Amino acid sequence: MKVQALSDIHGLLVKTDEFVECDIICICGDIFPLEIDRDPLASMAWFCNKFVPWVNSLPCKYVLYTPGNHDFLFNELYVNKLMTPMKIMKYILRDLKSTCKLKLLIDSSFEYEGKRFYGSPWCPNLSHWAFYKDSYSLEQVFKQIPWDVDVVMTHCPSTIGDSGTVLQQGWNFCRRLGCEELTSELFDRQSFIKYALCGHIHSGDHKPLQIGQMKVVNVCLLDEDYKRAYPIFEFEL
């Protein structure tokens, strides 16, 4: 099975010819343009009129998406409106006549051809942003990561390696911003998980790091200045 992964596009809808024919495309959060991410009406319009047509144009069977700290629209519907991921998609896409390849993962799984993908959007240290949880709550949600899972998609990185370390010169240079609670659960499952994909820290180390059977990979596309800096990550399951 061929899989491609990216994160933190912040409105950048990559040209379809940058993708190769594949089975699954994973997106690990922060899809909305910065200028509208806190505006629910503008976000809804952009999602339906721009993002969904782009998703449907991609050369894959399914696109799996777990939100990030900039994706306030989904935080409002999931956290405040208490809608399930399935109800959120039905609600948002109710007026669109075309089918959609997109599957929304919020502490939930998707299985395809015997491979299981799991997505969780939560982040630490961001109390005024979407999908924030404190340390105790992060422990509880990351304990829900299944043991029989092939790919884990989170927005925040773990502290494994430097996927969560700011490696671009600037205000937070060399600051380690990975999530300890996520790290603990990934280490417990390192003999089962094949890939742990993350985003959030744009300039974190993008080289896959092998821990047991598991490869940990930061799949952000943009750098800390929100400019395109990294390729789409591709792997086989």
_Pick from segment 118-151, criterion touching a residue at least 60 places away in the same chain (Cβ under 8 Å) and of a type in the set (A, V, I, L, M), ranking: farthest from G178 (Cα to Cα)_ = V151
*Given the conditions (1) under 18 Å from the mean Cα position of the chain (by Cα); (2) open to solvent by 70 Å² or more (accessible area, probe 1.4 Å); (3) over 25 Å from V63 (Cβ atoms); (4) of a type outside the set (D, E), which single one is not true for Y136?*
(1)
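Here's the yes/no breakdown for (1) assigned to a strand (DSSP E or B); (2) small (G, A, S); (3) open to solvent by 10 Å² or more (accessible area, probe 1.4 Å); (4) out of contact with any Gly (no Cβ under 6 Å at 6 or more places or on another chain):
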site: Q144; (1), (2), (3), (4): no, no, yes, yes
site: V149; (1), (2), (3), (4): no, no, no, yes
site: S163; (1), (2), (3), (4): no, yes, no, no
site: Q168; (1), (2), (3), (4): no, no, yes, yes
site: L186; (1), (2), (3), (4): no, no, no, yes
site: F192; (1), (2), (3), (4): no, no, yes, yes
*In this structure, is S57 crowded, with 20+ Cβ neighbours inside 10 Å, modelled with pLDDT of 95 or more and more than 24 Å from N218 (Cβ to Cβ)?*
no
*For K15: the one exception among (1) under 26 Å from G204 (Cα atoms); (2) without any contact (Cβ under 8 Å) to a residue 40 or more places away in the chain; (3) in contact with a Pro (Cβ under 6 Å, 6 or more places away or on another chain)*: (3)
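Go through segment 207-234 residue by residue and tally those that are in a strand (DSSP E or B) and open to solvent by less than 10 Å² (accessible area, probe 1.4 Å). Outline the logic, then answer.
Residues of segment 207-234 that are in a strand (DSSP E or B), as a first pass: 209-211, 214-218, 220, 222, 228, 233-234.
From what is left, the residues that are open to solvent by less than 10 Å² (accessible area, probe 1.4 Å) are 214, 216-218, 220, 222.
Residues meeting the conditions: 6.
Mind listing just one residue for me: the one in segment 170-184 that is outside any loop (DSSP other than H, G, I, E, B) and not charged (D, E, K, R) and, of those, surrounded by the most Cβ atoms within 10 Å (Cβ to Cβ)?
Of all residues in segment 170-184, those outside any loop (DSSP other than H, G, I, E, B) come to 176, 179-184.
Subsequent filtering for residues that are not charged (D, E, K, R) retains 179, 182-184.
Numbers: C179: 26, L182: 28, T183: 18, S184: 15.
Filtering segment 170-184 for residues that are outside any loop (DSSP other than H, G, I, E, B) and not charged (D, E, K, R), the one surrounded by the most Cβ atoms within 10 Å (Cβ to Cβ) comes out as L182.
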*Filtered residue count, segment 112-139, keeping only those that are within 18 Å of N75 (Cα to Cα) and not in a strand (DSSP E or B)*: 14
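The values are calculated or read from the model by the stated rules, or taken from the named source; none is laboratory data. Keep in mind that this is a model prediction, so the values were computed, not measured. Heads up, the Cβs are rebuilt from the backbone with ideal geometry, glycines too, and the neighbour counts pull from every protein chain shown. With ligands, DNA and RNA removed, areas are computed over all heavy atoms of the protein, side chains included. Shrake-Rupley method; radii C 1.70, N 1.55, O 1.52, S 1.80 Å.
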